[in-house]
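What follows is a single structure, written as structure tokens, with notes after it.
The values are calculated or read from the model by the stated rules, or taken from the named source; none is laboratory data. What you are looking at is a predicted structure, and each value in this text was computed from that prediction instead of being measured. Don't worry about glycine lacking a Cβ; one is built from the backbone with ideal geometry, like all the others, and counts go over all protein chains shown. The accessibility values were calculated without ligands, DNA or RNA, using every heavy atom of the protein model including side chains. Shrake-Rupley method; radii C 1.70, N 1.55, O 1.52, S 1.80 Å.
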2 protein chains.
Amino acid sequence: MFTVFSAGDIGAWRMTRCEAARGDGLPAAARLAITPSDRLAPSSQQPPSHQLWQLAGFASNVRYVERAEKTALVNVQAGLGRTEATCAALIPIKKSAAWWDLTQEERRDIFEAQSHHIAGSMTYLPAIARQLYHARDLGQPFDFLTWFEYAPEHADDFEQLVAHLRQTPEWAFVEREVDIRLTRA
Amino acid sequence: MFTVFSAGDIGAWRMTRCEAARGDGLPAAARLAITPSDRLAPSSQQPPSHQLWQLAGFASNVRYVERAEKTALVNVQAGLGRTEATCAALIPIKKSAAWWDLTQEERRDIFEAQSHHIAGSMTYLPAIARQLYHARDLGQPFDFLTWFEYAPEHADDFEQLVAHLRQTPEWAFVEREVDIRLTRA
């Protein structure tokens, strides 16, 4: 039920970049492994010696999309694991206390009416597949872990998508962000 | 970060009732212990021998209340642990797949516009204090665990509140519900 991202010497993805986009970064590693788990190590516990760090989250029900958006997304989005999608990104972010003090409809207003998070991202589908994992409720150092997969010919599209999101009003609430890029090993 | 409810021979609450309200029930126990935990046992694992069952959840940000409701709730609600609140209830519920297929605004419409979950509950504040714990994202057998505390003279109010919720359109989506009542030991 949890998805665990482990940075170290093993894993199906080779880490090509690991940069702090805002706030503290994370140590770069050679590889990243993604594993399902039904138990969660206490966040105070050190990861095994062959691992530099571990982040965990869970996929959940959608929180912001409305019905027409959900239908459009289901029709156009691609799944993870496509053979041609040999590029990936893991972008952990932590939002501010001010964000979490907002109510659902206030967050939705910033997320979509002001920032066009869904509509803006939709133009990059199905080229860029993504999966959101929730981490805040697990006491993790980040609130969200988003995993993206795309083919090398869509690398420029992915840079545009990331640049679009970073200049939105929503991103004013992001206080920590790490940008991790990977290729299939 | 997790709150664990353990039914067995130990704990600060004496179990006075443990009934299936819908679907399968849970075994009755003598006591219930409530403990914080930063680790989560796999749901496949048996609880320790002195425990009959264990349920875990996490408190989280509000999902449905709007700003005016949030302000009203903050102004009127009482915290847990009041000396006079010697009665308690733990009501674990599981909602149907149909509920989780709905979008946020569709759930909000059923939750409040149709079922008056917030407005209806508000009339019982501050007499009845409550805390919601989310469990679905932890792979638990229930989606939500709600904990209520009240003084004995408000026991009838609590019955009214529970009866009100059970006849709402929202409750048509509840496929399992257990009703556990307790007194402070």
Inset, instruction - Between copies, how far apart are the A:Ala12 label points? List them in nm, one decimal, shortest first, with each point 7 Å from Cα toward Cβ, please? - result: 4.6
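Can you pull the mean other chain C-beta count within 10 Å for peptide A:119-126?
Numbers: counts 0, 0, 0, 0, 0, 0, 0, 0.
Other-chain Cβ atoms within 10 Å of each residue's Cβ, averaged: 0.
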Legend entry - Cα Rg over Rh - segment A:123-174, Kirkwood: 1.03
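Can you give the local net charge around A:Ile180? Use residues other than it whose beta-carbon is closer than 11 angstrom to its beta-carbon, Lys and Arg +1, Asp and Glu -1. List each step's numbers first, then the result.
Working: positive: A:Arg17, A:Arg181; negative: A:Glu19, A:Glu177, A:Asp179.
Residues near A:Ile180 contribute -1 overall.
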Inset, instruction - Would you please give the residues with an amide H less than 5 Å from that of A:Ala59, counting only those at least 5 places away or on a separate chain, with H modeled from the backbone geometry? - result: A:Thr3, A:His134
Inset, instruction - Whole number in Å², please: accessible area per residue of chain A, 1.4 Å probe, ligands, DNA and RNA not counted. - result: 44
Inset, instruction - Find out how many positive minus negative residues lie around B:Arg39, taking Lys and Arg as positive, Asp and Glu as negative, among other residues whose Cβ is under 14 Å from that of B:Arg39. - result: -1
Inset, instruction - Springs between alpha-carbon atoms under 10 Å, Gaussian network over chain B: tell me which of B:Ala68, B:Ala56, B:Ala85 tops the mean-square fluctuations. - result: B:Ala68
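How well do other chains shield peptide B:129-138, expressed as the mean number of their Cβ atoms within 10 Å of each residue Cβ? Mind showing how you got there, number by number?
Values: counts 0, 0, 0, 0, 0, 2, 0, 4, 10, 7.
Mean shielding count: 2.
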Legend entry - 7 Å along Cα→Cβ, label-point gaps from A:Ser37 to other copies, nm, shortest first: 1.6
Inset, instruction - Count charges around B:Gln140 for me, please; just the other residues with Cβ under 12 Å from its Cβ, Lys/Arg as +1, Asp/Glu as -1. - result: 0
Legend entry - All lysines inside 25 Å of A:Lys70 as judged from Cα atoms, apart from same-chain residues fewer than 8 positions distant: A:Lys94, A:Lys95, B:Lys94, B:Lys95
Legend entry - Karplus 3J(HN,Hα) series, Hz, for segment B:9-19 with 6.51 cos²θ - 1.76 cosθ + 1.60 (x for Gly, Pro): 9, 10, x, 7, 10, 8, 7, 9, 7, 8, 10
Legend entry - Closest Cβ on chain B to the rotation axis that carries it onto A (distance rounded to whole Å): B:Leu40, 3
Inset, instruction - Please report, to two decimal places, log10 I(q)/I(0) for segment A:26-185 at q = 0.10, 0.13, 0.21 Å⁻¹ as given by the Debye formula with identical point scatterers on the Cα atoms and no solvent. - result: -0.39, -0.67, -1.69
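Which percent of the accessible area of the protein assembly as shown is formed by carbon and sulfur heavy atoms (probe 1.4 angstrom)?
Values: 8700 of 16460 Å².
Carbon plus sulfur share of accessible area: 53 percent.
In Å, the Kirkwood hydrodynamic radius of segment A:87-127 over pairs of distinct alpha carbons? Spell out each step's value before the answer.
On the way: mean 1/r = 0.0828 Å⁻¹.
Averaging 1/r across every pair of different Cα atoms and inverting gives 12.1 Å.
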Inset, instruction - Name the residues whose placed amide hydrogens come within less than 5 Å of the amide hydrogen of B:Arg176, ignoring near sequence neighbours (fewer than 5 apart) on the same chain. - result: B:Lys94
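Give the relative contact order (percent, whole number) for chain B; include only Cα pairs under 8 Å separated by 6+ residues. Spell out each step's value before the answer.
Details: 349 pairs, mean separation 62.6, N = 185.
Relative contact order here is 34 percent.
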Legend entry - Shape call, segment B:1-119: gyration tensor on alpha carbons, a/c limit 1.5: prolate
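Chains B and A: how much accessible area gets covered up at their contact, both sides added, probe 1.4 Å, in Å² to the nearest hundred?
Details: alone 9490 and 9480 Å², together 16460 Å².
That pair of chains buries around 2500 Å² in total.
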Inset, instruction - In nm to one decimal, list the spacings between the B:Trp53 label point and its equivalents in the other copies, with label points set 7 Å along Cα to Cβ, shortest first. - result: 3.9
Inset, instruction - Please turn the phi angles of segment A:94-100 into ³J(HN,Hα) values with the Karplus equation 6.51 cos²θ - 1.76 cosθ + 1.60 (θ = phi - 60°), one per residue in order, whole Hz, x for glycine and proline. - result: 10, 9, 6, 4, 4, 4, 6
Legend entry - Nearest-10 value in Å² for the accessible area of A:Thr183, using the 1.4 Å probe: 50
